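The values are calculated or read from the model by the stated rules, or taken from the named source; none is laboratory data. If you're wondering where the values come from, they're calculated on a predicted model, not measured in any experiment. Note that we place each Cβ from the backbone using ideal geometry, even for glycine, and neighbour counts take in every protein chain shown.
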Amino acid sequence: MSYFLLLAVNGLVVGLIYALVASGLTLVFSVLKVVNFGHGSLYMLGGYASYYLISGLGLPPLLGVVGAMVTLFVFGVVFERLVIAPMYTDKVERKDEYAIIVTFGLTILITNLALVVFGPFAKSPPSFMTGALIAGPLILPYDRLIAAVAAVVLLVGLSLFLKRTALGQALDAVSQSRESAAVIGIDPKRMYTVAFGLGSALAGGAGALIAPVFALSPSMGDLPAVQAFIIIVLGGMGSVGGSVAGGVLLGLVQALGVGYLPDPNRALAYTQAFGALLLVITLLVRPTGLFGRPHLRLE
Amino acid sequence: MGSLSFSRAVQAVLLAVALLLPLAAGPYWIHVGAIAWYYAMLAASWALLAGFAGQFSFAHVAFAALGGYASALGVGLLGLPVGVSMLLAIVLAIVTGALIGALVLRLSGPYLALFTLAISEIFRLILVAEEDLTRGMLGLPVPGLFSGQSDVPYYYLGLGLVVMAMLAMNWLLSTRVGLFLRAIREDEGAARASGIDTTRYKILVFVVTAVIAAIAGIYYGHFIGILTPNIAILPEMGLVIAMAVIGGIESLPGAVIGAVVVFLLSESLRAYGEWRFVLMGLALILVQRFAQNGLYPMIEQWSRARAKPRAAATVEDRHAG
């Protein structure tokens, strides 16, 4: 029972981080109608940004996370302005393919740049707080607890921001209809930039939060990126609640699958394949996802 | 007319160079060249699928893996003769290609990309997990096709396969099917409304390109002698996409030239390590941003623009003389 509890709690923590990564991806998708194939590399970049802010500038670890989010926001804004924004002009043909190729190109560029600049060896930033919470059979290191709590705070904050603030509602308006939003005086292009910046910041924040739990490496974003694709399809594009449900589900399935299936090599491979299979089945059977908003359905 | 003859001349010269290369190059570069043919087949067939037909698939290297593994297992596990095993692998690619083509009929753009990415990952993970069958990451040994140590026979086999694949795809594009595919890419609804059986042609293009990818994988497996699931990892797909996009996603010779140039560059710059791929990622973004149709069509256009004034000048010269 305690083994189950341990696996489940760890799965929940990882699932919340996945949910945070996916929420950034889904925000970008709902506003720009672009699936960011470079999202995982932004997650990785966030982890390294916080590492260097903490070790270089001597920031306390939690401020390092905030600094990483700010850094990634700026990075996202610049990338959107320089590379994605031309997509909305007539100069770019085949817009869907353009978006996939430039964001996928970003992954190739950033991942390899990280290998050269940061090196291939794993780096570990300092803990948020050493020690562990011990409650009966449950042992939860504070790093994991803090990462999970911070992820929940960010997810709740994102939901409130989208529902309660003028900027959040403007983003939502653009996600529902560019044309109608423009009619009431919202500049869609500005919202694209804001959404891409925020999406990058959320990915970067997730990478910075997980950094003390798992070590940093240039390829650390590969798995969360694929998980985030699965989550946004499963949970429904453009739905923060769907991201949380999908993230927690995947985190639990993976933790329990690896913990209970007999052959560890098979267990690792098939728990990952299970997520990919969920994506395939969802796209075929229910393209709007479990909690998808109807205006963001598959075209 | 100008561009056509330019393109033909370039292709003829490059083919001649490729045919004569083993006379001048050492064994290392012949080996590199033989691998380049593998990527050339993948990049060109992916260009047909994604560029001409607009079906942006991430599963292309998975089809190469399917072909390679099927052919290797046919020999190793079922004890079939190599030729029969290869045929079986191609039949498997036809069936799988048709199946995937049929499944993705309703999907387009990013959804199609995500779907094929997931399918590709599932297949790769099965190759990793089923060690009893595939030997997982240890690698599956594949029997060679030619006796002797030289790579020259493989080099010419690969070159022959590239030429055959190009002829087949060019023929397909020169028929009405080529127009239908482009019509589907531009506006599927309008294409259907004009009486094109879009279902049929989308499945057809998946089958054709899957078969070429599988042939590339079969060739690669028997040539290299060992297959690992890493043949189908995402960075490999990224390499193929970069080759096709940089060369020209809507130009079959552009994709082949892109594949060969990118691969030869990455081999000759080995001393620079991962910087090569930084450069490739940057080139991919820059080409897409500033020359969306790729570099080869741009050179083609440039030569046409240059050829015209010169033709006019010769006429004037003649008048003056």
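Selection of the stretch A:278-293 for residues being surrounded by 17 or more Cβ atoms within 10 Å (Cβ to Cβ) and more than 17 Å from the chain's Cα centre (by Cα) yields A:278, A:280, A:282, A:283, A:287, A:288, A:289, A:291, A:292, A:293. Residue count for the stretch B:257-275, restricted to those that are outside any helix (DSSP H, G or I) and buried (at least 16 other Cβ atoms within 10 Å of the Cβ): 1.
Screening residue B:47 on (1) within 14 Å of chain A (Cβ to nearest Cβ); (2) assigned to a helix (DSSP H, G or I); (3) at pLDDT below 90 shows it passes everything except condition (3).
For the stretch B:123-156, the set of residues classified as of a type in the set (Lys, Arg) and in contact with a helix residue (DSSP H, G or I) (Cβ under 9 Å, 6 or more places away or on another chain) consists of B:124 only.
Any chance the stretch A:123-136 includes a residue that's within 14 Å of chain B (Cβ to nearest Cβ), aromatic (Phe, Trp, Tyr) and either under 23 Å from residue A:209 (Cα atoms) or surrounded by 15 or more Cβ atoms within 10 Å (Cβ to Cβ) (or both)? Within the stretch A:123-136, not a single residue is within 14 Å of chain B (Cβ to nearest Cβ), aromatic (Phe, Trp, Tyr) and either under 23 Å from residue A:209 (Cα atoms) or surrounded by 15 or more Cβ atoms within 10 Å (Cβ to Cβ) (or both). From the list B:254, B:238, the lone residue that is crowded, with 20+ Cβ neighbours inside 10 Å, within 14 Å of chain A (Cβ to nearest Cβ) and at pLDDT 90 or above is B:238. Considering only residues that are within 14 Å of chain B (Cβ to nearest Cβ) and of a type in the set (A, V, I, L, M, F, W, C), which ones fall in the stretch A:11-30? Selection gives A:22, A:25, A:28, A:29. Comparison of A:92, A:116, A:83, A:35 shows that the only residue that is assigned to a loop (DSSP other than H, G, I, E, B), free of Cβ contacts under 8 Å to residues at least 60 places away in the same chain and either within 14 Å of chain B (Cβ to nearest Cβ) or within 23 Å of residue B:243 (Cα to Cα) (or both) is A:92. Of the helices (runs of 4 or more DSSP H) that lie entirely inside the stretch A:141-255, those containing 2 or more residues that are within 24 Å of residue A:86 (Cβ to Cβ) and over 15 Å from the mean Cα position of the chain (by Cα) span A:166-176, A:178-183, A:188-210. Looking at residue A:213, is it β-branched (Val, Ile, Thr), under 30 Å from residue A:140 (Cβ atoms) and at pLDDT below 90? Against the criterion (β-branched (Val, Ile, Thr), under 30 Å from residue A:140 (Cβ atoms) and at pLDDT below 90), residue A:213 qualifies. For the stretch B:99-116, a tally of residues being crowded, with 22+ Cβ neighbours inside 10 Å and either free of Cβ contacts under 8 Å to residues at least 12 places away in the same chain or within 7 Å of chain A (Cβ to nearest Cβ) (or both) returns 4. For the stretch B:79-128, residues that are hydroxyl-bearing (Ser, Thr, Tyr) and not in a helix (DSSP H, G or I) total 1. Whether a residue is surrounded by fewer than 24 Cβ atoms within 10 Å (Cβ to Cβ), without any contact (Cβ under 8 Å) to a residue 60 or more places away in the chain and of a type outside the set (Lys, Arg) was assessed, and residue A:70 does not pass this test. Checked against (1) more than 17 Å from the chain's Cα centre (by Cα); (2) modelled with pLDDT of 95 or more, residue B:9 meets all criteria but (2). Residue check, residue B:145 against (1) surrounded by 15 or more Cβ atoms within 10 Å (Cβ to Cβ); (2) modelled with pLDDT under 95; (3) part of a helix (DSSP H, G or I), all met but one. Which one? The single condition residue B:145 does not satisfy is (3).
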